[in-house]
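Quick notes on the structure that follows.
The values are calculated or read from the model by the stated rules, or taken from the named source; none is laboratory data. In this text the structure is predicted, and so the values were computed from the model without any measurement. Don't worry about glycine lacking a Cβ; one is built from the backbone with ideal geometry, like all the others, and counts go over all protein chains shown. Just so you know, the surface numbers come from the protein's heavy atoms only, side chains and all, with ligands and any DNA or RNA stripped out. Shrake-Rupley method; radii C 1.70, N 1.55, O 1.52, S 1.80 Å.
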Amino acid sequence: MSTRHIPGRDPRAARRAGEAGAALVTVLILVAVLTVIGLAMVDLVLTEIGIAYTGEDAVAAQYIAEGGLARALHELDQDAGWTGVTDALGDGQYQVTVTSSGLLRAIESVGTRNGARQVVGAAVKVVPRFLLDGIVGNTTVTLGGAAPGVTVENAFPGDAAAAVHANNRLGAPAAITVNSAGAVVVGAVTANGSITGISCGTWPWPCDPAAPVGRFPRLDMDSGDPNSYRSRAIATIDPADGLNLYFRGGAANSRCSAPGWNFNARETQRCWDRYVSSRGGTLGAGMSSPVYYVEFNPGERTQYTISTQTIAHRSSLGANNGGGSTTLTIARPAGLAADDVMIAAIAVVGGSTTGITPPAGWTLVPGGANPIDNGTTLRLAVYYKVAGTAEPANYTWTFSASRKASGGIQAYRNVDPAAPIDVALGQATPSGTTHSTPAVTTSVDGTMLVASFAAAAGGTWTPQTPGLVERYDARSTGGAQSTRTSSEGTEQLQAAAGPTGVKSSRTTVAAVGATHILALAPRRVTVDCVGLAASALETLCLRSRPATDSNGNIVYPLSAPAQVTGLIGVFRRDAGTVQGDIFVENVSLRTADYRQQSPAGDPALVAAGAVRLTSTGASAAARTVEIRGIVYTFAGVDNPGGGCVPPSPCGDDLQGSGGTGLDIQHDADRVTVVLRGVVMSNGAILLRDGVSNAGAVAVRHDGAVIEALPTAFMPLSTGNVLLAVSWSSKD
């Protein structure tokens, strides 16, 4: 094949143009490839930059979440009731949520920054510092006597725990006194004041006489808040009888005033004794965290009247001395027995001019004017005598001059021989045929009213008051009516304490007169709190023996339960002060062990005043008295009550009391007393064994008790100890 030549065109130029076109295509392809590679590289760089920014946000969110956790730990240290917060940190934020269950606080902290989110979780136990101590006294603590037997120990971990701590809020010379011959202390000893009896330099545990003063918890005892202990007791129903657990004699909202109970304002102790005796076994069984709230009325004593023994008339005799004499003799009433109480009323002519000398053993009845003189015309004198085992056949009264006289003796059984007269009063009456006694007010149930009437004439008497029973009617004889006397003895049983009203009787001959009324008190239950005066006021007595009457008859077989589940609180507020002790009577007399426990969210014992426990003598068998839970005493200083949140005027905590809050005087053989939990007192604490043969006294810190703290201890507590439980981290 030949190449045809085209005229006017160079064949070499055409060849060069084809080569140039191929090169352009190659360049374009190369540019495209380079562009793709460049774009890929730019995208890679941008992706790496994005990843870098995202990783930084995630790390920042983690740190922010941990910052929220740190905030939670700080807040819980100050306030155990803190529930969480949402707050900014840098250019991110954390959201903290705290869930409470007893001591446990579950913390979740969510940290966020831009689109990153990190979650940190932790669980801690929040324990107020004062509850790491076995014994906490707001003033002074004295441990041990001359004889060994007292042990105080705290096995709680950490240097913050102490066997005993005294705040010394009153600035006493010594905050803690330890008699090492009588007490063994296992654990730290800390105080805000001097520590005597041990050498801190050689003490094997922390010993700090300059420890900081800690806040002391308040308890809402009696406010109207539904969570106060009184409110809870009123609202808690015992399924055994459908009545509540609030004990106050005479109070309308108390079980003591319920139908079939009807205990008056002087019978709160009796109301408690009846409840305990009616239950037996474990007090509080079948109820959820029961609170037994005992509130005595002002001035109320632990003694009370026995309604099961009714005063009864034994016999009566009237007499006169005829036409006049220097004496009046009355025969001994028939059937008279030892401890019977006799009332004698003697009416004699001459009024204030006539002196009367009673026979041996007879005493003028106290209360009001006695003798009662109606001028110089008539004198009425009223006497009493408690019969002994050998009484004479008759009794003779002697006058300062020969006078006409009349009178009588009324004898009664089941009268309190130690204090037979509850109340008495007499008065002179004007001339007439109807004469009336004054009205008086009795202080106990079941009194026997004895009303005596006399007139300066020899008439015959007839009672006018419904229910008034005549027991004798005597008159002198001879001469004109104006020279004679007449006498009447009457009685009327008054079931309930209160006003008696006047008692009236009518005589057949008008004359001036004199009247007298008295109330015989029935036999009383023997409180028998050994070591405690029978006159102690507003004290709940947990007796080791049955409640008995003056003859030893058992009225309530159980005066203290064998076992209690729940809180026993004794508290009364009056004019800014508080009263109410708990007295555990001589434990060596118990015939069985005693145990009380309240580990489920409440203290075991709370007293407005003191918790006192005594034991003397030898026990018939080895016995144990164990109280498990918080023992808390106010020592007679009121707490602010409910609804007070710092810095309100009610204050943050109690400031210390000069009174005794806990007093264990232990002198009994073969008896062991154990307080297992935490012992707290706003006042002084005294624990000792007094004699070498005494049993043991121990206070042992129990971690199980603080695992279920009452909420009242938590929100107002500062300076808590946080115990780590767990930690977690997740996206």
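Which one is nearest to residue 664 (Cα to Cα) among residues in the stretch 712-731 that are surrounded by 15 or more Cβ atoms within 10 Å (Cβ to Cβ) and at pLDDT below 75? Going through the qualifying residues, I end up with 713.
Examine the stretch 432-454 for a residue that is touching a Ser or Thr at 6+ places or on another chain (Cβ under 9 Å) and of a type in the set (Phe, Trp, Tyr), and state whether such a residue exists. Yes. There is no residue in the stretch 642-656 that is modelled with pLDDT of 80 or more, under 22 Å from residue 568 (Cα atoms) and small (Gly, Ala, Ser). Here is a check on your reading of the model: is residue 210 out of contact with any helix residue (DSSP H, G or I) (no Cβ under 9 Å at 6 or more places or on another chain) and at pLDDT below 95? The answer is yes for residue 210.
The strands (runs of 3 or more DSSP E) found wholly in the stretch 80-148 and carrying at least 2 residues that are surrounded by fewer than 19 Cβ atoms within 10 Å (Cβ to Cβ) occupy 84-89, 92-101, 104-113, 116-128.
Cβ-Cβ distances below 9 Å connect the following pairs, each with a first residue in the stretch 490-507 that is closer than 25 Å to residue 317 by Cβ and without any contact (Cβ under 8 Å) to a residue 60 or more places away in the chain, a second residue that is part of a loop (DSSP other than H, G, I, E, B) and small (Gly, Ala, Ser), and a separation of six or more residues or different chains: 492/467; 494/446. Restricting 131, 104, 76, 89 to residues that are under 30 Å from residue 630 (Cα atoms) and in contact with a helix residue (DSSP H, G or I) (Cβ under 7 Å, 6 or more places away or on another chain) narrows the list to 131.
Note on the stretch 62-79: residues that are open to solvent by 50 Å² or more (accessible area, probe 1.4 Å), part of a helix (DSSP H, G or I) and closer than 29 Å to residue 214 by Cβ amount to 5.
Among the residues of the stretch 204-249, the ones that are out of contact with any Asp or Glu (no Cβ under 8 Å at 6 or more places or on another chain), open to solvent by 10 Å² or more (accessible area, probe 1.4 Å) and part of a loop (DSSP other than H, G, I, E, B) come to 16 in all. Is there a residue being at pLDDT 95 or above, out of contact with any strand residue (DSSP E or B) (no Cβ under 8 Å at 6 or more places or on another chain), surrounded by fewer than 18 Cβ atoms within 10 Å (Cβ to Cβ) and of a type outside the set (Asp, Glu) anywhere in the stretch 360-369? Checked against the condition, which is being at pLDDT 95 or above, out of contact with any strand residue (DSSP E or B) (no Cβ under 8 Å at 6 or more places or on another chain), surrounded by fewer than 18 Cβ atoms within 10 Å (Cβ to Cβ) and of a type outside the set (Asp, Glu), the stretch 360-369 yields at least one hit. Being within 21 Å of residue 573 (Cα to Cα) and either touching an Asp or Glu at 6+ places or on another chain (Cβ under 8 Å) or of a type in the set (Val, Ile, Thr) (or both) is a property that holds for residue 291. Whether a residue is farther than 20 Å from residue 189 by Cα, in a strand (DSSP E or B) and modelled with pLDDT of 80 or more was assessed, and residue 671 passes this test. Taken as a whole, the structure leaves residue 195 outside the set of residues that are outside any loop (DSSP other than H, G, I, E, B) and surrounded by fewer than 22 Cβ atoms within 10 Å (Cβ to Cβ).
Being open to solvent by 10 Å² or more (accessible area, probe 1.4 Å), modelled with pLDDT of 85 or more, within 15 Å of residue 538 (Cα to Cα) and part of a strand (DSSP E or B) is not true of residue 573. Can you pull out every residue in the stretch 413-441 that is open to solvent by 40 Å² or more (accessible area, probe 1.4 Å) and either in contact with an Asp or Glu (Cβ under 8 Å, 6 or more places away or on another chain) or hydrophobic (A, V, I, L, M, F, W, C) (or both)? Residues satisfying the conditions are 413, 418, 419, 425, 428, 439. Among the residues making up the stretch 592-608, those that are open to solvent by 10 Å² or more (accessible area, probe 1.4 Å) and at pLDDT 90 or above are 595, 597. Here is the figure for the stretch 495-530: residues that are at pLDDT 95 or above, surrounded by fewer than 19 Cβ atoms within 10 Å (Cβ to Cβ) and among the aliphatic types (A, V, I, L, M) total 3. Residue 218 meets all of the listed conditions (1) farther than 29 Å from residue 608 by Cα; (2) out of contact with any strand residue (DSSP E or B) (no Cβ under 8 Å at 6 or more places or on another chain) but one, namely (1). Of the numbered criteria (1) outside any strand (DSSP E or B); (2) at pLDDT 95 or above, the one residue 445 fails is (2).
Residues in the stretch 614-634 that are farther than 18 Å from residue 291 by Cα, among the aliphatic types (A, V, I, L, M) and open to solvent by less than 10 Å² (accessible area, probe 1.4 Å): 625 only. Does at least one position in the stretch 683-698 carry a residue that is at pLDDT below 80, over 16 Å from residue 588 (Cβ atoms) and in contact with a Pro (Cβ under 8 Å, 6 or more places away or on another chain)? Scanning the stretch 683-698, I find no residue that is at pLDDT below 80, over 16 Å from residue 588 (Cβ atoms) and in contact with a Pro (Cβ under 8 Å, 6 or more places away or on another chain), so the answer is no.
Could you go through the stretch 262-270 and let me know if any residue there is assigned to a helix (DSSP H, G or I) and farther than 30 Å from residue 689 by Cα. Let's see the steps before the verdict.
Going residue by residue through the stretch 262-270, those that are assigned to a helix (DSSP H, G or I) are 268-270.
With the extra rule that they be farther than 30 Å from residue 689 by Cα, the set shrinks to 268, 270.
Yes, that holds for at least one residue.
Can you say whether residue 547 is over 18 Å from the mean Cα position of the chain (by Cα), open to solvent by less than 10 Å² (accessible area, probe 1.4 Å) and in contact (Cβ under 8 Å) with a residue 40 or more places away in the chain, as far as the supplied structure shows? For residue 547, the condition - over 18 Å from the mean Cα position of the chain (by Cα), open to solvent by less than 10 Å² (accessible area, probe 1.4 Å) and in contact (Cβ under 8 Å) with a residue 40 or more places away in the chain - is met. Among the residues of the stretch 58-69, none qualifies, meaning not one is closer than 30 Å to residue 600 by Cβ, at pLDDT 90 or above and in contact with a strand residue (DSSP E or B) (Cβ under 7 Å, 6 or more places away or on another chain). Residue count for the stretch 381-412, restricted to those that are crowded, with 22+ Cβ neighbours inside 10 Å and of a type in the set (S, T, N, Q): 2.
Is it true that residue 175 is closer than 30 Å to residue 88 by Cβ and either at pLDDT 90 or above or open to solvent by less than 40 Å² (accessible area, probe 1.4 Å) (or both)? So residue 175 does not fit the description; no. The residue that is farthest from residue 448 (Cα to Cα), counting only those in the stretch 306-322 that are open to solvent by 60 Å² or more (accessible area, probe 1.4 Å) and at pLDDT below 95, is 308. If you check residue 492 against the conditions, is it within 40 Å of the chain's Cα centre (by Cα), surrounded by fewer than 24 Cβ atoms within 10 Å (Cβ to Cβ), farther than 29 Å from residue 248 by Cα and not aliphatic (A, V, I, L, M)? Here the answer is yes, as residue 492 does meet what is asked.
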